[in-house]
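Worksheet for the structure shown next.
The values are calculated or read from the model by the stated rules, or taken from the named source; none is laboratory data. Here the structure is a predicted model, which means the values were calculated and not measured. Don't worry about glycine lacking a Cβ; one is built from the backbone with ideal geometry, like all the others, and counts go over all protein chains shown. These area figures cover heavy atoms from the full protein model, side chains too; ligands, DNA and RNA do not enter into them. Shrake-Rupley method; radii C 1.70, N 1.55, O 1.52, S 1.80 Å.
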Amino acid sequence: MAGRWIETWEPEDTAFWRETGERVARRNLWFSVLSEHIGFSVWTLWSVMVLFMGPEYGVDPAGKFFLISTATLVGALVRVPYTFAVARFGGRNWTVLSALSLLVPTLAAFWVMEPGTSYGTFVAVAALTGIGGGNFASSMTNINAFFPLREKGWALGLNAGGGNIGVPVVQLVGLLVIGTLGASHPRIVLGVYLPLIVVAAVCAALYMDNLRPVANDTGAVLEAVRDRHTWIMAVLYLGTFGSFIGYSFAFGLVLQSQFGRTPLQAASLTFAGPLLGSLVRPLGGRLADRYGGARTTLAAFAAMAAATGVVIHASRAASLPAFLTGFTALFLLTGVGNGSTYKMIPGIFHTKALGLGLDGEAAAAHGRRLSGAAMGLIGAVGALGGLAVNLAFRQSFQAYGTGTAAFWSFLALYGVCSALTWAVYLRPTTPVPARPRPGYAEV
């Protein structure tokens, strides 16, 4: 694991980027996407496994929501150490190790997935799959270091979007198994992923690189923790990515519990929303590159609130077509918001570097240093939003038998996030300067 270290990396130098950097960065991006994609599939594995768990498993809807909540929680918590592992071990080296570690939860699920297994065992195995959620944090931190600021929106959006597609792909695999063999063969889904995990690890070992300039920096971590924008962005990312991953885990179970869909019917609908949300994430990054991250994020939150209103109406009216329309719109909009919020992070810290009097490569390096440290914290809080979504659904179904109450809480969250985005990053100052001030409105 000692090879493939790059000693010097200056992506903001246009000559370096044109002659060497772009080719190397893009190669690392594609294989990072592959590993992160498999990680997301393993993380969201139990959104599929619960569809195979019929009455013979003895687990009620609330218990199933708790299983997927457990995986979400662990995935959120491991994102923080995974972020710093890139600097400790190298991006390539850690990608290999983190990919191989996915064999543990997949093999464990293969072993226990049958009627008669205790509920506590299911909870423990679901917790193990949470390590797949950590792959996102290390992958994003690694790719953030490879690309210049002017291309981060696209690169981070593509990296995250390609990883997010792991959610609908594992759901499509589940649909294929249920549609052809019925709901009694969950181990086939797991068997599909075992060789794919090995392929991802081998490709990372052969084709990715470590960056020597990326070093563990406790000072950067502490500085990111103290910076209020780290936590403001964490709240915004909780609203976008927390919604995406929470809905991805819960969508099929909501369809079964509230609309009486069979496992096959639920699986045939579940994958579409996460797929669309994943595909548009790079578009969210592109829109942020062009129009500004804050403007794109505010528009996404406003539209998410409107789509949630449609879902609330459909839930109360028991209208499946309207429910699917509103929910699909929510997935699309979370994808746009995911891309735009992650574009904002490096922009904010680069702007702060300029405010300190730095310029050129010095400002860019300072921005990469702090944004890389902040991304792990922001990603962890965002993933905790997925936990909150599933716990809200669990409580709503326990208390009322529907998810309507949960959707009201999500609507309130989008209102708060909209107000926060406008107040911190878009609200004009008085007096209004003749030119846009060098501040956060342009991130």
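State the percentage of accessible surface on segment 225-268 attributable to carbon and sulfur atoms; use a 1.4 Å probe and exclude ligands, DNA and RNA.
Summing carbon and sulfur atoms, their accessible area is 58 percent of the total for segment 225-268.
Can you list the residues, at least 5 places off or on another chain, whose amide H is less than 5 Å from the amide H of residue 211, using H built in the peptide plane?
Sorted by chain and number, the residues that satisfy this are 6, 91, 92.
Label-point separation (nm) for residue 112 and residue 188, each offset 7 Å from Cα along Cα-to-Cβ?
Rounded to a tenth, the inter-label distance reads 2.4 nm.
Run down the lysines and flag those whose C-alpha is under 21 Å from the C-alpha of residue 152, throwing out any fewer than 8 positions away in its chain.
343, 352
Anyone know which of 303, 155, 318 comes out most mobile in the 10 Å Cα GNM of the chain?
318
Between residue 399 and residue 180, what length comes free when the chain is fully extended (0.36 nm per residue of separation minus the Cα-Cα distance, one decimal in nm)?
Stretched out fully, the residue 399 to residue 180 stretch lengthens by 75.3 nm.
With a/c under 1.5 counting as rounded, go ahead and sort the chain into rounded, prolate or oblate using the C-alpha gyration tensor (a ≥ b ≥ c being the square roots of the eigenvalues; past the cut-off, prolate if a/b is larger than b/c, else oblate).
Oblate shape, in that a/c is at least 1.5 and b/c is the bigger or equal ratio.
Do any trypsin sites (Lys or Arg not before Pro) in segment 1-47 lie in a loop, going by DSSP, with at most 16 other beta-carbon atoms within 10 Å of their beta carbon, and if so which?
On the way: sites: 4, 18, 23, 26, 27; in loops: 4.
In loop regions of segment 1-47 (DSSP not H, G, I, E or B), the sparsely surrounded trypsin sites (Lys or Arg not before Pro) are 4.
Mind checking the angle between helix 131-146 and the chain's longest principal axis? C-alpha axes, 0 to 90 degrees, to the nearest 10.
So the inclination is approximately 20 degrees.
Could you state the angle between the C-alpha long axis of helix 22-43 and the longest principal axis of the C-alpha atoms of the chain, as a value from 0 to 90 degrees rounded to the nearest 10?
It is inclined by approximately 30 degrees.
Using Cα atoms only, what is the angle between the long axis of helix 360-400 and the major principal axis of the chain, expressed in degrees (0 to 90) to the nearest 10?
Helix 360-400 and the main axis of the chain meet at about 20 degrees.
Below 17 Å, Cα to Cα, which aspartates and glutamates can residue 64 reach? Residues fewer than 8 away in the same chain don't count.
The qualifying aspartates and glutamates are 56, 114.
Using a simple spin-label model with points 7 Å from Cα along the Cα→Cβ vector, what separation in nm is obtained for residue 103 and residue 409?
4.0
Give the Rg/Rh ratio for segment 290-443, taking Rg as the radius of gyration of the Cα atoms and Rh as the Kirkwood radius, to two decimals.
In segment 290-443, Rg relative to Rh is 1.07.
Top mean-square fluctuation among 152, 352, 343, Gaussian network model of the chain, C-alpha springs under 10 Å?
352
Over segment 80-128, average the accessible area per residue using a 1.4 Å probe and give it in Å², no decimals.
Value returned for segment 80-128: 42 Å² of accessible area per residue.
Using the charge dipole of segment 59-209 (Lys, Arg: +1 at Cβ; Asp, Glu: -1 at Cβ; taken about the Cα centre), state which of 194, 159, 102 has its Cα farthest towards the positive end.
Going by the Cα projections, it comes out as 159.
If one computes the Cα centroid of segment 75-141 and of segment 226-246, what distance in Å separates the two points?
22
How much accessible area per residue does segment 357-417 have, counting only protein heavy atoms and a probe of 1.4 Å, in square angstrom?
Accessible area per residue: 35 Å².
Given contacts defined as C-alpha pairs under 8 Å and at least six residues apart, what's the relative contact order of segment 84-154, whole-number percent?
Relative contact order of segment 84-154: 44 percent.
Tell me the carbon and sulfur percent of the accessible area for segment 31-88, rounded to whole percent, probe radius 1.4 Å. Intermediate values should be presented prior to the final figure.
Numbers: 1080 of 1540 Å².
Its accessible area is 70 percent carbon and sulfur atoms.
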